[in-house]
Amino acid sequence: MKKILTLALLLLAIGSANSQQVASRAKAMRMMSFSRPEYQIKDIKVYTDTMTLYSLSNYVIYPFGEWSSMEQYITDNQLHWYRESGYRQYFDSMEVSVNRMKRLDDSYIDMFYSIWTKKVELLGGRINDPEIVLDNGIHVGMSKDDVFKVFFKKYPKSYTSDVAVLKVISGAGEVAEIYTFKGTKLRHVKIETAYKYY
């Protein structure tokens, strides 16, 4: 009798997990139909409290805009940055010059000038300061609803109520923007890159 009860509970758990996967995929497909065309969202994945958007838009690669020099970025945004210059090692033998732009609240952006793109490229960063505004208007302290409205024309509020992390990933997976919410407010933004060459 115990074996039958255990087997029944196991089958119930497997069936529940499969139905959750189907529900998450259905939710993701419905959200895709509401996405804004300028972000060229090609896929959405929902897993527990994280929603991941895969975007082909240039915005994901240049969340602070496209700049031809770091000085241009500093001058145009009119925020006071502390600048540290140094070198980072890529592969085993190549070193590249990287600038870390810092704020007093530990917000930072790591950037380098690419000789191939002739633009300032982003290597990583963490934004805690509400005065730092991304190119699309997102800033720390925004409501979760307003952040989602940047990427979606409309959507069922119940689909995002459990989302604590929104990831926006570039098509090749080289750049990821990670928006973390605390309650209904955007707590911080993290930017990660997987560039393997300069």
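The Cα trace of region 72-189 gives Rg and Dmax of 16.3, 50 Å, the first to one decimal, the second as a whole number.
Loop-located GluC sites (Glu not before Pro) in region 52-148 (DSSP state other than H, G, I, E, B) with a sparse environment of at most 16 neighbouring Cβ atoms within 10 Å: Glu66, Glu131.
Heavy atoms only, probe 1.4 angstrom, no DNA, RNA or ligands counted: give me Ser35, Ser97 ranked by accessible area, highest first.
Descending accessible area places them as Ser97, Ser35.
Using the Cβ-Cβ distance between Val150 and Ala26 with R0 = 30 Å, the FRET efficiency computed as 1/(1 + (r/R0)^6) comes to roughly 0.80.
Of Ile191, Ile74, which has the most accessible area with a 1.4 Å probe, and how do the rest follow in descending order? Present the calculation step by step, with values, prior to reporting the outcome.
Working: Ile191 5, Ile74 45 Å².
Largest accessible area first, the list is Ile74, Ile191.
Note on Ser158 and Leu56: the model spin-label points, each 7 Å out from Cα along the C-beta direction, lie 3.3 nm apart. In this structure Arg25 has an accessible area near 100 Å², from a 1.4 Å probe over the protein heavy atoms. Estimated at 0.36 nm per residue, the fully extended path between His80 and Thr180 surpasses their Cα-Cα distance by 33.5 nm. Per residue, the convex hull spanned by the alpha carbons of region 20-129 comes to 161 Å³.
The values are calculated or read from the model by the stated rules, or taken from the named source; none is laboratory data. The structure presented is a predicted model; accordingly, all values stated were derived computationally and were not measured. Backbone-built Cβ (ideal geometry, glycine too); neighbour counts: all protein chains shown. In case anyone asks, the SASA skips ligands and DNA or RNA and just uses the protein heavy atoms, side chains included. Shrake-Rupley method; radii C 1.70, N 1.55, O 1.52, S 1.80 Å.
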